[in-house]
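Trainee: Sharing a structure below in structure tokens format, with a few things to ask.
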Amino acid sequence: MTGNPKAVSDSELRAYLDGAADLEVTQKVDTALGQDQTVQARLHALDETVPLLKKGFDLDELDAPEMPTYLRTPTAHVRSRAMLPLAIAASFVLGVGVTSLLQPKSDWVDSVASYQALYVTQTLAGNAQAVPVTDGVLANAKAALDVDLGAATKIDGLLFKRAQMLAIKGKPLIQMAYLDENGTPFVFCVTRVDGANKPPQTSINHELAATSWVQDGIGYVLIGGENKAQVSDLAKVLTLSL
Amino acid sequence: MRWISKKSQHSAVEDGLPQIYRRLWRFCMVLTKDRTAADDLAQAACERALVNAAKFSPGTDLDRWVFTIARRLWLNEIRSRKVRRGEGLVAVEDVDIADEKPAIEVNILAREVLDIVQALPEAQRLSVLLVYVEGYTYSEAATLLDVPIGTIMSRLSTVRKLISTYVDDPRNLK
């Protein structure tokens, strides 16, 4: 006895949730849900999946991060105009600068450099990647390229931040990212390449210093900053440790 | 007067973003299914919001405005390029988003429900997040996702049945 023929009863809501409601009741509930927020609240109160979903998506359970401090400063406005639309795309896809330019005969190092040029200190300012996650990425790298990159997580002069499995034209590409003591971003990228072995060579590429080499069908590049001597020295450390 | 209004708009955005950031990140995580990508997208959305703060109407819901920005960034500038991270390779963090937290800390059933949701198509994942977790009305979720309200109901009904099947007997999904 609700006095309102359009009112939805709890039994109707239960039938709706259980999938046992007939067409008339289903339409009645659907209509009510679209018009009356209290009906939605009642439905959710009866729905045993709601607390599970809330628990599963709990911010603490997900370890959701706080807003980075750099976004709280006025400079964030300036950086965004120039960098963000490109940086966000690159961060997901290794971007137009990498993937679409990486035809088989093109210089993959150049493409990686164009991607790295989008990095700023804040790109890597967060906490370092959890060790188990890094281990998982490096295990995938080992499986995909048959290279052990574990030593590359500990390079004197560079603070390791994260490893990611990316790709170039379907070929796996491992990217390991670092900050130096001045906050300059560096990345070490490894992928399968065609051609003969090449000794380490250092150049300026997209205004960044890069040292690259090829060994046994695997291409390596360390890139970051503008100091060719620094990158070359760090690359020597890498070649010795890998 | 106009200057005061703009200042108010910027203040509303600058002051509000830190308060909604973790929820924005969760929204981005549901979109991207990847923690690192969620970091990038959430930060991009914030920066876009800061640049366009003059377009925000103080007094309206900042979260919906920024969620919309994040979704458009995802749709227009990332997904539309049809060249996604890994080109089919799955980053390790894609496989299991909660690996960084010890499983023992997590309600196992809720965690498995989360896994079920994360395996759903994007449209269903977002509908679940907005309505069940964020508490949006069906109408609000429909507006944000640019779909009819009936579509939201249909998506949620499908998800509800799937989860209920599992809750009743977890072996059903194995």
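The values are calculated or read from the model by the stated rules, or taken from the named source; none is laboratory data. Bear in mind the structure is a predicted one, so any value in this text is a computation, not a measurement. We place every Cβ from the backbone using ideal geometry, glycine too, and count neighbours over all the protein chains shown.
Trainee: Take the range A:151-178 and flag every residue that is modelled with pLDDT of 85 or more, more than 20 Å from residue B:42 (Cα to Cα) and either of a type in the set (D, E, K, R) or surrounded by fewer than 16 Cβ atoms within 10 Å (Cβ to Cβ) (or both).
Mentor: Once the filter is applied, which keeps residues that are modelled with pLDDT of 85 or more, more than 20 Å from residue B:42 (Cα to Cα) and either of a type in the set (D, E, K, R) or surrounded by fewer than 16 Cβ atoms within 10 Å (Cβ to Cβ) (or both), the range A:151-178 yields A:151, A:154, A:156, A:157, A:159.
Trainee: Right, here's the next one. How many of the residues in the range A:59-83 are facing chain B (nearest Cβ under 8 Å) and at pLDDT 80 or above?
Mentor: Matching residues across the range A:59-83 total 10.
Trainee: Could you grab me the full set of residues in the range A:46-70 that are assigned to a loop (DSSP other than H, G, I, E, B) and in contact with a Phe, Trp or Tyr (Cβ under 9 Å, 6 or more places away or on another chain)?
Mentor: A:47, A:57, A:59, A:62, A:64, A:65, A:66, A:67, A:68
Trainee: Can you pull out every residue in the range A:136-146 that is surrounded by 15 or more Cβ atoms within 10 Å (Cβ to Cβ) and at pLDDT 90 or above?
Mentor: Within the range A:136-146, just A:138 meets the criteria.
Trainee: Looking at this structure, is residue B:171 at pLDDT below 90, among the basic types (Lys, Arg) and either surrounded by 16 or more Cβ atoms within 10 Å (Cβ to Cβ) or under 21 Å from residue A:130 (Cα atoms) (or both)?
Mentor: no
Trainee: If you don't mind, there's one more thing I want to ask. Of the residues that make up the range B:51-60, is at least one buried (at least 19 other Cβ atoms within 10 Å of the Cβ), part of a helix (DSSP H, G or I) and within 10 Å of chain A (Cβ to nearest Cβ)?
Mentor: yes
Trainee: Give the residue, chosen from B:135, B:88, that is at pLDDT 85 or above, within 9 Å of chain A (Cβ to nearest Cβ), surrounded by fewer than 20 Cβ atoms within 10 Å (Cβ to Cβ) and out of contact with any Asp or Glu (no Cβ under 7 Å at 6 or more places or on another chain).
Mentor: After applying the criteria, what remains is B:135.
Trainee: Could you count how many residues in the range A:35-66 are among the acidic types (Asp, Glu) and closer than 16 Å to residue B:126 by Cα?
Mentor: Here the count works out to 1.
Trainee: Of all residues in the range A:104-141, count the ones that are within 12 Å of chain B (Cβ to nearest Cβ) and either among the polar types (S, T, N, Q) or over 20 Å from the mean Cα position of the chain (by Cα) (or both).
Mentor: Going through the range A:104-141 one residue at a time, the tally reaches 6.
Trainee: Let me ask another. So which residues in the range A:13-29 are surrounded by fewer than 19 Cβ atoms within 10 Å (Cβ to Cβ) and in a helix (DSSP H, G or I), if there are any at all?
Mentor: A:14, A:15, A:18, A:23, A:24, A:25, A:26, A:27
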